[in-house]
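J.: First, the structure itself, so that you have it in front of you.
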Amino acid sequence: MPTPAHETAPFGAVFAEKMALSRWDGERFEEPRLEPVAPLSIHPAAHVLHYSSSVFEGLKAHRGIMGDLRLFRLDRHIERMQASARLLYLPPPDGPLLERMIIEVVDAAREAIPDPPGSLYLRPTLVGTEANVGAAASPSKQALLYVLASPVGDYFSGGIRPLKVVVEVNRPRSTPTFGMAKTGANYAAALGLIMEAKHTHAADQVLFAPGGDVQETGAANFILLDDDRVLTKPLDPSFLPGVTRDSVLVIARDLGYEVIEADFTIDEMLEFAERGEAALSGTAAVLAGVGTILHEGTEHKVGSGEVGPNTLRLRAALTALQTGVAPDIHGWIRAV
Ligand code: PLP
Ligand code: COI
């Protein structure tokens, strides 16, 4: 059998055949349509192309061990998309409308959903489409909502391996209020530092800790853990309220870990990392172990430098819930 495309292509570069679309005319979203994935037609003056009025989500549908299709925490992702839209002055889509669009796309991609550890990554996207280059200081009067689907494997190439992160203390990833929004401009702002970390230090990601406040990485939240505890920053508007972060904290409590949501300094992190573990949590990243933290030119090994046993344990517990190996005791699964 040929290797499936999602196993050789980069994460997110292969698409299912169908997407769902709905235009907003300034008052309401039209009845959504399911269409073949194809280039969009938007005006070159579209608000999003000039003033970055864009928000998106990332969630996954997993194939369960019984062959069933399971969307993970759909309600949370819809709520966050609505919150991001409000921050960007885009029209928050109604929950039932967005839910219907996501489910239609998953249903249409039924045959293309990889077996675990692969999954179908869903990318709901909302952009301002008003054609007006003068509208820098006003919200877009039109918008386009669409849902793309991508069969995916690992986000970080090379499977489960210890990652290297570079600590950035001078520049934030986003602004104090926009970190909580899933908006394209945040990724554009962080890109330069991430490129530099990749090229200069062969790092996988940047850990943003502006002024010593350890927040998150460019595409995932950040968690410290050991045999007894899970420690992460409490939610505030400066960073993304990750659905995986929340899920890992709930699972950790279920498994008897003490969960501590508290701010910590870089020194405290490095001290913890000497004997503990660090991990990145996110829909794409799942729970990915950190082996090395580079800070001010010094490489600090995290624990043994390998992916830690508690990271692997929590990751396995998370994926067991997603794929139906473990019962859905928290009501996180939406069957499709
Ligand atoms: N932080 C950033 C910047 C992200 O891009 C993501 C990915 O979605 C996360 C955190 C993790 O969020 P979630 O677990 O909801 O996917
Ligand atoms: C996700 O995990 O859903 C993300 O948005 C990460 C990404 C930038 C690929």
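The values are calculated or read from the model by the stated rules, or taken from the named source; none is laboratory data. Since the model is a prediction, treat every value here as computed from it, not as a measurement. Heads up, the Cβs are rebuilt from the backbone with ideal geometry, glycines too, and the neighbour counts pull from every protein chain shown. Just so you know, the surface numbers come from the protein's heavy atoms only, side chains and all, with ligands and any DNA or RNA stripped out. Shrake-Rupley method; radii C 1.70, N 1.55, O 1.52, S 1.80 Å.
J.: List the residues whose amide H sits under 5 Å from the amide H of L69, counting only those 5 or more places along or on another chain, with H placed 1.01 Å from N in the peptide plane.
T.: G64, V336
J.: Something else now. Please report the antiparallel percentage of the DSSP beta bridges confined to region 163-322, to the nearest 5. Could you put the intermediate results ahead of the total?
T.: Working: 19 of 31 bridges.
So the antiparallel bridges in region 163-322 amount to around 60 percent.
J.: At 7 Å along Cα-to-Cβ for each site, give me the label-to-label distance between L191 and S138 in nm.
T.: About 3.0 nm separates the two model spin labels.
J.: Per-residue ellipticity at 222 nm for the chain, helices alone: DSSP H runs ≥ 4 residues times -39500 (n - 2.57), over residue total, nearest 500 deg cm²/dmol?
T.: Working: 8 runs with 92 residues, N = 336.
After summing the helix terms and dividing by the residues of the chain, the value is -8500 deg cm²/dmol.
J.: Calculate the dipole size of region 163-322 relative to its Cα centre from +1 charges on Lys and Arg beta carbons and -1 charges on Asp and Glu beta carbons; express the result in debye to the nearest 20.
T.: Once rounded to the nearest 20, the dipole reads 600 debye.
J.: Going 7 Å from the Cα of A5 in the Cα-to-Cβ direction, what parts of region 81-124 have a backbone nitrogen less than 15 Å from that spot?
T.: Once the point is set 7 Å along Cα→Cβ of A5, 109-114, 120-121 turn out to lie under 15 Å by backbone N, inside region 81-124.
J.: Sticking with this structure for a sec: Between T217 and residues 5 or more places away or on another chain, which pairs have amide H atoms under 5 Å apart, with H built 1.01 Å from N, and which residues are they?
T.: It is F208, F222, by chain and number.
J.: While we're on this one: Suppose every Lys and Arg Cβ carries +1 and every Asp and Glu Cβ carries -1, with no other charges. What dipole size does the chain come out with about its Cα centre, to the nearest 20 debye?
T.: Details: 30 positive and 42 negative charges, 136 e Å.
Using only the charged Cβ atoms, the result is roughly 660 debye.
J.: A further question on this structure: Based on the Cβ-Cβ distance from S304 to R229, what FRET efficiency comes out when R0 is 22 Å, to the nearest 0.05?
T.: Numbers: r = 18 Å, r/R0 = 0.82.
Efficiency computed from Cβ-Cβ geometry: 0.75.
J.: Could you order I103, I251 by accessible surface area, starting with the largest, using a probe radius of 1.4 Å?
T.: Highest to lowest solvent-accessible surface, that is I103, I251.
J.: Let me check against my output: what whole-number percent is the relative contact order of region 163-322, with C-alpha pairs under 8 Å and at least 6 apart? Write down the numbers at each step before the final one.
T.: On the way: 316 pairs, mean separation 39.0, N = 160.
Here the relative contact order equals 24 percent.
J.: Round to a whole number: what % of the accessible area of the chain belongs to carbon and sulfur, probe 1.4 Å?
T.: Here it works out to 54 percent.
J.: What lysines does K141 reach when the alpha-carbon gap must be under 28 Å and sequence neighbours fewer than 8 apart in one chain are set aside?
T.: Straight-distance partners of K141: K18, K182.
J.: Pick from E258, E35, E57 the residue whose mean-square fluctuation is largest in a GNM of the chain, springs joining Cα atoms under 10 Å.
T.: Between E258, E35, E57, it is E35 that shows the largest mean-square fluctuation.
J.: I would also like to ask the following. Hey, what's region 163-322 come to in accessible area per residue, 1.4 Å probe, Å²?
T.: Accessible area per residue: 39 Å².
J.: Continuing with this model, one more query. Classify the chain as rounded, prolate or oblate from the Cα gyration tensor: take a ≥ b ≥ c as the square roots of its eigenvalues, call it rounded if a/c is under 1.5, otherwise prolate when a/b beats b/c and oblate if not.
T.: Oblate, since a/c reaches 1.5 and b/c is not below a/b.
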